[in-house]
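K.L.:
Take this structure first; my questions come after.
The values are calculated or read from the model by the stated rules, or taken from the named source; none is laboratory data. From a predicted model like this one, the values you see are computed outputs, not experimental measurements. Glycine gets a Cβ as well: all are built from the backbone with ideal geometry, and neighbour counts include every protein chain shown. SASA here: full protein model, heavy atoms, side chains in, ligands and nucleic acids out. Shrake-Rupley method; radii C 1.70, N 1.55, O 1.52, S 1.80 Å.
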Amino acid sequence: MKNIFILISLFTVSALLQAQSINKKKQTTIGLHFFYNDFATPVLVNANGLGNVISNKQWNQAQNMEGGFGLDYLQGITPKIDAVGNVNASWVDYLKPGNVLYGSSNFLLDVNAGVHIKLLTDKHTFSPFLIGKAGYTNYKNISGFSVHTGAGVQANLFKDAFILATTEYRFKLSNSLSNQLYYSIGIATSFPKRTKKQVPIVLEKKPEQEITKTPEPKKVEEQQLQKNILVNVLDEATGQPLQYVDVLLKSNDGNEYNATTNADGKAIFNQMKAADYSISGRLNKIDATTTIISTNDFTISTNQIIKDITHNDPRFTLVGNTIELATKQGVGGTQVTITNQTQSSTAFVNSENGNGEFRSQLESESDFSIV
């Protein structure tokens, strides 16, 4: 790892010395990209070493990663150095420190800023570059900072339009975060500056003051109309209630409300104002059916609106316990490794404190080993 940092430093110095050329700098450029988060590979590298991970073909595959979309901002500092900023958003089951999955998919936001140090200028068709950035990550009750190093390549499609592909390793600076590999590919285009046209000043005659009518206030009944919303989430195959489902209630004006189902498969939103809403759910990275609530539903005589949605997961749920052999008591915080021998994939879960219970989703028609 030290050799890698030495090479990056030498490359950076070389690029800085050559950056002062007569080539033009990159103009303000906006881009859109798709990316994958990889939390599993850094865990294996830390445990087994990079050489063993590569030789044993343990590098995490794309189908086992979780993806998202992001926006890019680029601005040339010199012809070979671009300032860059990214905003990324995705839904992931975050792997916390200690190889502990959060347990459900939630919204992950990260904001990053740094530089791309290019080997060649933008006039070349292809230009490899090094990446140096700092970032901030926020996920539910987890947040913190990280430092990013990596490399990428820029392809010049035509004038001021580019394809960018990157690979980054994100070193955590906060104990609440995990190290992460990050892969992205996207397209970006610049927006050249426009010259401002002088607008002639025209003196207009001041219009006569008009008398405006004050709009009538809404009826008290409409302003105060509120109901509780109860959402039942059921397994499509068995009709049984499902726990731990993330339920999203979204109003037509863009406001979002979240709740998680209890042991009876119920999620409750209290005292919601009359409006049009959409209801959706997600469990184990699989979406449930959706339904809607209209303003007319709030005219019912009862104080509660009830809606049902269903969830169909073709996989099996493994429920187990880790116990102390001598005492037969449950042991929490134990890492359980579940390997799909048929698909050559690995998942990590931790047992819960108290009863030592752990859960994981298993693909059908596959053989597994559990350690």
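K.L.:
For the subset of region 358-371 comprising residues that are over 25 Å from the mean Cα position of the chain (by Cα) and open to solvent by less than 40 Å² (accessible area, probe 1.4 Å), which member is modelled with the lowest pLDDT?
P.N.:
Ser366
K.L.:
Moving to a separate point now. So is Ala326 small (Gly, Ala, Ser) and modelled with pLDDT of 90 or more or not?
P.N.:
No.
K.L.:
Could you list all residues from region 244-261 that are more than 17 Å from Phe107 (Cβ to Cβ) and either under 18 Å from the mean Cα position of the chain (by Cα) or open to solvent by 70 Å² or more (accessible area, probe 1.4 Å) (or both)? Working first, answer last.
P.N.:
Taking region 244-261 as the starting set, the residues that turn out to be more than 17 Å from Phe107 (Cβ to Cβ) are 251-253, 261.
Those that are more than 17 Å from Phe107 (Cβ to Cβ) and either under 18 Å from the mean Cα position of the chain (by Cα) or open to solvent by 70 Å² or more (accessible area, probe 1.4 Å) (or both): Asn252, Asp253.
K.L.:
Does Asn99 qualify as being touching a residue at least 60 places away in the same chain (Cβ under 8 Å) and closer than 16 Å to Asn37 by Cβ?
P.N.:
yes
K.L.:
For region 140-154, which positions are more than 16 Å from Asn86 (Cβ to Cβ), surrounded by 15 or more Cβ atoms within 10 Å (Cβ to Cβ) and not hydrophobic (A, V, I, L, M, F, W, C)? Outline the logic, then answer.
P.N.:
Going through region 140-154, the residues more than 16 Å from Asn86 (Cβ to Cβ) turn out to be 140-144, 153.
Next, only the ones that are surrounded by 15 or more Cβ atoms within 10 Å (Cβ to Cβ) stay: 142, 144, 153.
Listed by number, the list holds a single entry, Gly144.
K.L.:
Could you say whether any residue in region 50-68 is in contact with a Lys or Arg (Cβ under 9 Å, 6 or more places away or on another chain) and in contact (Cβ under 8 Å) with a residue 24 or more places away in the chain?
P.N.:
Among the residues of region 50-68, at least one is in contact with a Lys or Arg (Cβ under 9 Å, 6 or more places away or on another chain) and in contact (Cβ under 8 Å) with a residue 24 or more places away in the chain, which makes the answer yes.
K.L.:
Which ones in region 317-326 are assigned to a loop (DSSP other than H, G, I, E, B) and either at positive phi or open to solvent by less than 80 Å² (accessible area, probe 1.4 Å) (or both)?
P.N.:
Hit for region 317-326 is Thr322, nothing else.
K.L.:
Please verify whether region 278-299 includes one or more residues that are modelled with pLDDT of 90 or more and in contact with a helix residue (DSSP H, G or I) (Cβ under 7 Å, 6 or more places away or on another chain).
P.N.:
Scanning region 278-299 turns up no residue that is modelled with pLDDT of 90 or more and in contact with a helix residue (DSSP H, G or I) (Cβ under 7 Å, 6 or more places away or on another chain).
K.L.:
A further question follows. Can you name the residue in region 41-86 that is open to solvent by 70 Å² or more (accessible area, probe 1.4 Å) and assigned to a strand (DSSP E or B) and, of all such residues, is nearest to Thr29 (Cα to Cα)?
P.N.:
Within region 41-86, the match that is nearest to Thr29 (Cα to Cα) is Tyr73.
K.L.:
Same structure, new question: Got a number for residues in region 290-335 being polar (S, T, N, Q) and in contact with an Asp or Glu (Cβ under 7 Å, 6 or more places away or on another chain)?
P.N.:
Of the residues in that region, 5 qualify.
K.L.:
Checking the structure you have, find out if any residue of region 111-122 is open to solvent by 20 Å² or more (accessible area, probe 1.4 Å), without any contact (Cβ under 8 Å) to a residue 40 or more places away in the chain, in contact with a Phe, Trp or Tyr (Cβ under 7 Å, 6 or more places away or on another chain) and within 19 Å of Asn37 (Cα to Cα).
P.N.:
yes
K.L.:
Do you know which residues across region 290-316 are aromatic (Phe, Trp, Tyr) and open to solvent by 70 Å² or more (accessible area, probe 1.4 Å)?
P.N.:
Within region 290-316, just Phe316 meets the criteria.
K.L.:
Any chance you could count how many residues in region 292-305 are more than 27 Å from Glu236 (Cα to Cα) and either touching a Phe, Trp or Tyr at 6+ places or on another chain (Cβ under 6 Å) or part of a loop (DSSP other than H, G, I, E, B) (or both)?
P.N.:
Result for region 292-305: 4.
K.L.:
Sticking with this structure for a sec: Can you confirm whether region 181-190 contains a residue that is touching a Lys or Arg at 6+ places or on another chain (Cβ under 9 Å), at pLDDT 80 or above and open to solvent by 30 Å² or more (accessible area, probe 1.4 Å)?
P.N.:
At the first step, the residues of region 181-190 found to be touching a Lys or Arg at 6+ places or on another chain (Cβ under 9 Å) are 181-182, 190.
Now narrow it down to the ones that are at pLDDT 80 or above: 181-182, 190.
After this cut, where a residue has to be open to solvent by 30 Å² or more (accessible area, probe 1.4 Å) as well, the list is none.
Within region 181-190 (the criterion being touching a Lys or Arg at 6+ places or on another chain (Cβ under 9 Å), at pLDDT 80 or above and open to solvent by 30 Å² or more (accessible area, probe 1.4 Å)), the answer is no, since none of the residues qualifies.
K.L.:
Further question: Please enumerate the residues belonging to region 267-291 that are under 22 Å from Gln361 (Cβ atoms) and assigned to a strand (DSSP E or B).
P.N.:
The initial filter retains those residues of region 267-291 that are under 22 Å from Gln361 (Cβ atoms), namely 267, 280-290.
Passing the criteria: Ala267, Ser280, Gly281, Arg282, Leu283, Ile286, Asp287.
K.L.:
Same structure, new question: Residues in region 237-266 that are part of a loop (DSSP other than H, G, I, E, B), over 24 Å from Arg315 (Cβ atoms), of a type in the set (S, T, N, Q) and touching a residue at least 12 places away in the same chain (Cβ under 8 Å): how many?
P.N.:
Going residue by residue through region 237-266, those that are part of a loop (DSSP other than H, G, I, E, B) are 237-240, 242-245, 252-255, 261-265.
Checking the rest, the ones that are also over 24 Å from Arg315 (Cβ atoms) come to 252-255.
Those still in the list that are of a type in the set (S, T, N, Q) too: 252, 255.
Right, trim to touching a residue at least 12 places away in the same chain (Cβ under 8 Å) and you get 252.
Matching residues across region 237-266 total 1.
K.L.:
A follow-up question, please. Hey, can you tell me all the residues within region 21-35 that are in a strand (DSSP E or B) and surrounded by fewer than 20 Cβ atoms within 10 Å (Cβ to Cβ)?
P.N.:
Within region 21-35, Ile30, Leu32, Phe34 meet the criteria.
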